[in-house]
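Report on one structure; see the data block that follows.
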Amino acid sequence: MQAICDVRNKGGERIGCLPIKSITPRAADKLYEMFIRDDAGESTLFRRGEKFVGLCRKAWRVVRRLYPAEFARDIPNPWPGVTPATPSARLRASLRQHANDERTFWRTQRKQSFGMRRLARFRTTKS
């Protein structure tokens, strides 16, 4: 939540300091675009964007039930309508290769660990 509240708008104000009525569906889309950008400005952090949107959706629902007077009646919860972006084909291939490399690494680590346990057990039983 701290990362969401620390986002600054064009006027330099923190989003967390603004009234909740100022979060419109268009503002929610802009915030999502900010969430998925990395430090270089590339749209690569799709999972982070999905997590932020899910958190905002849940927070909106809970707080609106507790403080209905703080919310504009004509603006429904803007977060369910945020359409998640999808990574490009090249990025998906890169992510898939990275996941395969990680899986292979941990499988070899597990096999080595298992082999070392067997060797240690063998040495302790034969001594």
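For P(r) over Cα pairs in 5 Å bins from 0, in percent, one of (i) 2, 11, 23, 25, 21, 11, 5, 2, 0; (ii) 2, 9, 14, 16, 13, 9, 7, 7, 6, 5, 5, 4, 3, 2, 1, 0; (iii) 2, 10, 17, 19, 20, 16, 9, 5, 2, 0, 0 was computed from the structure I shared and the rest are decoys. Which label?
Matching the structure shown: (ii).
Would you be so kind as to identify which of Val53, Ala99, Pro76 lies farthest towards the positive end of the dipole of the chain, taking Lys and Arg as +1 and Asp and Glu as -1 on Cβ and the Cα centre as origin?
Working it through, the farthest residue towards the positive pole turns out to be Ala99.
What's the magnitude of the charge dipole for the chain around its Cα centre, counting Lys and Arg as +1 and Asp and Glu as -1 at the beta-carbon? Answer in Debye, nearest 20. Each step should come with its number before you reach the end.
Details: 28 positive and 12 negative charges, 231 e Å.
Dipole of the chain, to the nearest 20 debye: 1100 debye.
Which residue fluctuates most in the GNM of the chain (Cα springs below 10 Å): Arg57, Arg14, Arg103?
Ranking Arg57, Arg14, Arg103 by mean-square fluctuation puts Arg103 first.
If you fit an axis through the alpha-carbon atoms of helix 89-126 and take the longest principal axis of the Cα set of the chain, what angle between them do you get, 0 to 90°, nearest 10?
Once rounded, the angle reads 40 degrees.
Rounded to the nearest 0.05, what FRET efficiency do Arg26 and Arg90 give with R0 = 25 Å and r taken as the Cβ-Cβ distance? Could you check?
That pair, Arg26 with Arg90, gives E of 0.25.
Can you work out the Karplus-derived ³J(HN,Hα) for every residue in region 35-46? Use 6.51 cos²θ - 1.76 cosθ + 1.60 with θ = phi - 60°, whole Hz, and x for glycine or proline.
3J(HN,Hα) across region 35-46, in whole Hz: 5, 8, 8, 8, 5, 8, x, 7, 8, 10, 9, 5.
For the chain, set up a Gaussian network in which alpha carbons nearer than 10 Å are linked by springs, and say which option among Arg107, Arg96, Arg48 fluctuates the most.
Maximum among the listed residues: Arg107.
Every number in this text was worked out from the coordinates using simple rules, so none of it is lab data. Being a predicted model, the structure only gives us computed values, none of them experimental. Glycine also receives a Cβ, built like all others from the backbone with ideal geometry; neighbour counts cover every protein chain displayed.
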